[in-house]
Amino acid sequence: SSLAPWVPVVGLEIHAQINSNSKLFSASQVQFAAPPNSLVSFFDASLPGTLPVLNRRCVEAAVMTGLALNCSINKKSLFDRKHYFYADLPAGYQITQQRVPIAVNGSLSYSLCRDNKMSQMVTKTVRIKQIQLEQDSGKSLHDDTRSQTLVDLNRAGVGLMEVVMEPDLCCGEEAAAAVRELQLILQTLGSSQAVMAEGQLRVDANVSVHHPGEAYGVRTEVKNINSMRFLARAVDYEIQRQIEELENGGTILNETRAFDSKLGCTVPMRDKEGKQDYRFMPEPNLPPLILYDAKSLPANMNHQQVVNIDWIRERLPDLPSVKRAKLVEQYGILPEHSFTLLNEDGLTDFFEKVVNQTQMKPKKVIGWILKDLLSYLKQHSLTVQESPISSSLLADLLNLLETKVISSTAAKQVLAELWKGDGKSPLEIVKEKKLELIEDQKELEEICQAVIDGQENEVIMMVLG
């Protein structure tokens, strides 16, 4: 109810590290957690006289991402210098694409549950303003005990795609759902591994609130959010904080904030009231980036030396939305189940392997995977790849259930035993625990008689009662 008179507005800027062996403008290797300053070329360290050489792979990855996000690809894009002074930026500027980026005017469709009900999925769209190529900065390591800051330049010059979304989102849940869909697309394309824990996908959220019909309010920027959960919490907290501040007669400062995950709140980092002048200027050492398509490609051009947009478009893989539709069509599963299969890394492959090895219908298989196996994995914080129960073991178990060798209750017992990872097959566990269904009428009568004989007093009480 407190949100009723206010309209929250959320826009995101996402930095995705390009999946490339070398950096954007140098031949230095890209590798996570390498020893500090072990992957630094003369150019990365900004030694005088060094020049940038553009990495073709990074250009192709940006074009591929732009096409997947329904963008217009600019056949001519430009590089700019963005000046700011910081210890981990040795040149004193970052090479980016401010004026004419590589891709513009796209869109991203994403889905989320209404009222936390998986059966009520809503699809929404956020507009993509632009995608630009730029260098990453180095990393400052603060040593509080010695009161000093150390600089690691391994990350300096690593290729990034900055995906700028229009302010079309209104809450943390929408922001997290949109970024999760973008992450799946990047991973499907292979243009970025997009592992948030390794800093390969970092999100800045711009948040403001205003009354309906009024101009947008003053916005704050929450920087460098590195998990979906934290993104949702940071955005929702910031919306609520701004509303409370305004309702109490306060004002919102145009400032940069950080999300403190331990306290669950955003905290001020620096104010933006005095607008920072980045002194953008054209990058003098890089010519315009020219791309071609099938129509504009000259006949005598060496294909190795150019990037052909149409060639990349033809090789785009099925995107997550197409994969989900195919899963629903092929296996007759519910649309919401297709989201879970794709959201858990490796779960789609696991599901398809089980389906191919069992006589059980896919609709029943999905229940066992999502309700039983996935709950075990989540309890123990394991990924699908780390599961002690392989797809073939689960298929063997489901075959025993489907051929009525065991009951559903017994199958759950066998699953619990398989989880222990003792190397026994489902059939061995069934025999060892005597879990087979008994179909012999005489044998069943003997078991019942034995139970009655062993409980004489109870039987008499029941008869008398």
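The values are calculated or read from the model by the stated rules, or taken from the named source; none is laboratory data. Computed from a predicted model, the values in this text were never measured in an experiment. So basically every Cβ, Gly included, is an ideal-geometry build from the backbone, and we count neighbours across all protein chains shown. Please note that ligands, DNA and RNA were not included when accessible areas were found on the heavy atoms of the full protein model with its side chains. Shrake-Rupley method; radii C 1.70, N 1.55, O 1.52, S 1.80 Å.
Residue pairs whose Cβ atoms lie under 7 Å apart, separated by 6 or more positions or on different chains, with the first residue in region 319-343 and small (Gly, Ala, Ser) and the second in a helix (DSSP H, G or I), are GLY332/PRO362; GLY332/LYS363; SER338/ARG324; SER338/LEU327; SER338/VAL328.
Residues in region 64-73 that are open to solvent by less than 40 Å² (accessible area, probe 1.4 Å) and not in a strand (DSSP E or B): MET64, THR65, GLY66, LEU67, ALA68, LEU69, CYS71.
Out of the residues in region 349-362 that are surrounded by fewer than 20 Cβ atoms within 10 Å (Cβ to Cβ) and over 18 Å from THR403 (Cβ atoms), state the one that is farthest from the chain's Cα centre (by Cα). Per the criteria, the residue is LYS353.
Restricting attention to region 198-235, the residues that are under 19 Å from ILE185 (Cα atoms), among the hydrophobic types (A, V, I, L, M, F, W, C) and surrounded by fewer than 17 Cβ atoms within 10 Å (Cβ to Cβ) add up to 0. Those strands (runs of 3 or more DSSP E) of region 139-233 in which 1 or more residues are touching a residue at least 24 places away in the same chain (Cβ under 8 Å), out of contact with any helix residue (DSSP H, G or I) (no Cβ under 6 Å at 6 or more places or on another chain) and β-branched (Val, Ile, Thr) occupy 148-152, 159-165, 220-225. For region 41-75, filtered to residues that are of a type outside the set (A, V, I, L, M, F, W, C) and touching a Leu at 6+ places or on another chain (Cβ under 7 Å), the residue that is nearest to ILE95 (Cα to Cα) is PRO52.
Is it the case, given these coordinates, that SER46 is assigned to a loop (DSSP other than H, G, I, E, B), among the polar types (S, T, N, Q), within 29 Å of the chain's Cα centre (by Cα) and assigned by the TED database to the domain that holds ALA103? Here the answer is no, as SER46 does not meet what is asked. Here SER119 meets each of (1) assigned to a loop (DSSP other than H, G, I, E, B); (2) at pLDDT below 95; (3) open to solvent by 50 Å² or more (accessible area, probe 1.4 Å) with one exception, condition (1).
Scanning region 93-110 for residues that are over 21 Å from ALA68 (Cβ atoms) and either at pLDDT 95 or above or buried (at least 20 other Cβ atoms within 10 Å of the Cβ) (or both) yields TYR93, GLN94, ILE95, THR96.
Summed over region 7-57, the residues that are open to solvent by 30 Å² or more (accessible area, probe 1.4 Å) and touching a helix residue (DSSP H, G or I) at 6+ places or on another chain (Cβ under 7 Å) give a count of 2.
Here the condition is being assigned by the TED database to the domain that holds MET228, touching a Lys or Arg at 6+ places or on another chain (Cβ under 8 Å) and crowded, with 20+ Cβ neighbours inside 10 Å; of SER137, SER191, it holds for SER137 alone.
Exactly one residue among ASN399, ASN457 is surrounded by 11 or more Cβ atoms within 10 Å (Cβ to Cβ) and of a type outside the set (A, V, I, L, M), and that residue is ASN399. The one condition from (1) crowded, with 17+ Cβ neighbours inside 10 Å; (2) under 21 Å from the mean Cα position of the chain (by Cα); (3) assigned to a strand (DSSP E or B) that ALA61 does not meet is (3).
Residue-by-condition table, conditions (1) modelled with pLDDT of 75 or more; (2) under 55 Å from the mean Cα position of the chain (by Cα):
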| site | (1), (2) |
| --- | --- |
| LEU400 | yes, yes |
| SER408 | yes, yes |
| GLN413 | yes, yes |
| GLU428 | yes, yes |
| LYS431 | yes, yes |
| LEU437 | no, yes |
| ASP440 | no, yes |
| ALA450 | yes, no |
| LEU464 | no, no |
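You will find that of ARG127, ARG155, the residue that is within 30 Å of PHE32 (Cα to Cα) and open to solvent by 40 Å² or more (accessible area, probe 1.4 Å) is ARG155 and no other.
Condition first: modelled with pLDDT of 90 or more, in a loop (DSSP other than H, G, I, E, B), open to solvent by 40 Å² or more (accessible area, probe 1.4 Å) and within 30 Å of THR125 (Cα to Cα). Can you find one or more residues in region 300-309 that meet it? No, there is no match, as no residue in region 300-309 is modelled with pLDDT of 90 or more, in a loop (DSSP other than H, G, I, E, B), open to solvent by 40 Å² or more (accessible area, probe 1.4 Å) and within 30 Å of THR125 (Cα to Cα).
Taking the condition of a type in the set (D, E, K, R), closer than 28 Å to LYS424 by Cβ and modelled with pLDDT of 95 or more, does GLU352 pass? Yes: the conditions hold for GLU352. When you look at GLU238, is it charged (D, E, K, R), buried (at least 19 other Cβ atoms within 10 Å of the Cβ) and closer than 21 Å to GLU60 by Cα, yes or no? No: the conditions fail for GLU238. Across region 378-395, the qualifying residues are those that are of a type in the set (A, V, I, L, M) and either free of Cβ contacts under 8 Å to residues at least 24 places away in the same chain or open to solvent by 30 Å² or more (accessible area, probe 1.4 Å) (or both), and the one among them that is farthest from ALA410 (Cα to Cα) is LEU382.
Report the residue count in region 74-88 for those that are more than 27 Å from ILE185 (Cβ to Cβ) and buried (at least 21 other Cβ atoms within 10 Å of the Cβ).
Within region 74-88, the first condition is being more than 27 Å from ILE185 (Cβ to Cβ), and the residues that meet it are 81, 83-88.
Remaining after also requiring buried (at least 21 other Cβ atoms within 10 Å of the Cβ): none.
Selection size over region 74-88: 0.
Can you spot a residue in region 264-284 that is open to solvent by less than 50 Å² (accessible area, probe 1.4 Å), assigned by the TED database to the domain that holds LEU89, within 26 Å of GLN97 (Cα to Cα) and in contact (Cβ under 8 Å) with a residue 40 or more places away in the chain? Yes; the residues of region 264-284 include at least one that is open to solvent by less than 50 Å² (accessible area, probe 1.4 Å), assigned by the TED database to the domain that holds LEU89, within 26 Å of GLN97 (Cα to Cα) and in contact (Cβ under 8 Å) with a residue 40 or more places away in the chain.
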